[in-house]
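Student: Take this structure first; my questions come after.
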Amino acid sequence: ELLAVMAIIAILAGLGAGGYHYAQRQARESAAKADIEKLRHLLGEYRVEYGRYPATLADIGPLKNSVEDLQWIDPWGNPYQYLCTNRFLYSIWSTGQDVADGSDDIDPSKAGY
């Protein structure tokens, strides 16, 4: 009987750990999406003020006072990626948990976000 109880406890603990990992991943993805939306807002303010998008995220510095809690680092500890192709077009995304491939990138401009 003791082995049966221990097996049931182990199964429940395994299910709980999996659920916790999933919830933690979803929370990080949501935080990254919210940060990217805040950055988009700041980029829009920058464009209104200067007539173009900044070359780098560091150039937004003077406008950062309006969003105090915004960081340039995603929830996984990596910097947000920003690419300004011309004065009217840019891309911003997070590389996600594994930086190596693009399978888990957080890019709200893609379908599904």
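The values are calculated or read from the model by the stated rules, or taken from the named source; none is laboratory data. What you see is a predicted model; the values in this text were computed from it and never measured. Cβ sites come from the backbone with ideal geometry, for glycine too, and all protein chains shown count toward neighbours. These area figures cover heavy atoms from the full protein model, side chains too; ligands, DNA and RNA do not enter into them. Shrake-Rupley method; radii C 1.70, N 1.55, O 1.52, S 1.80 Å.
Student: Using 0.36 nm times the number of residues separating ALA55 and MET6, minus their current alpha carbon distance, what extension gain do you get?
Tutor: 11.8 nm
Student: In segment 3-42, with Lys and Arg counted as +1 and Asp and Glu as -1 at Cβ, which of these residues, GLN24, ALA10, HIS41, has the Cα nearest the positive end of the dipole, that is, farthest along it?
Tutor: HIS41
Student: If you don't mind, another one. Convert each backbone phi in segment 77-84 into a coupling constant with the Karplus relation 6.51 cos²θ - 1.76 cosθ + 1.60 (shift: θ = phi - 60°), then list the ³J(HN,Hα) values in order as whole Hz, x for Gly and Pro.
Tutor: x, 9, x, 5, 8, 9, 9, 9
Student: Determine the order of TYR50, TYR82, TYR22 by accessible area, beginning with the largest, at a probe radius of 1.4 Å.
Tutor: The ordering from most to least exposed comes out as TYR22, TYR50, TYR82.
Student: For GLU45 and ARG25, what does the FRET efficiency come to when R0 = 30 Å and r is the distance between their Cβ atoms, rounded to the nearest 0.05?
Tutor: After rounding to 0.05, the efficiency reads 0.45.
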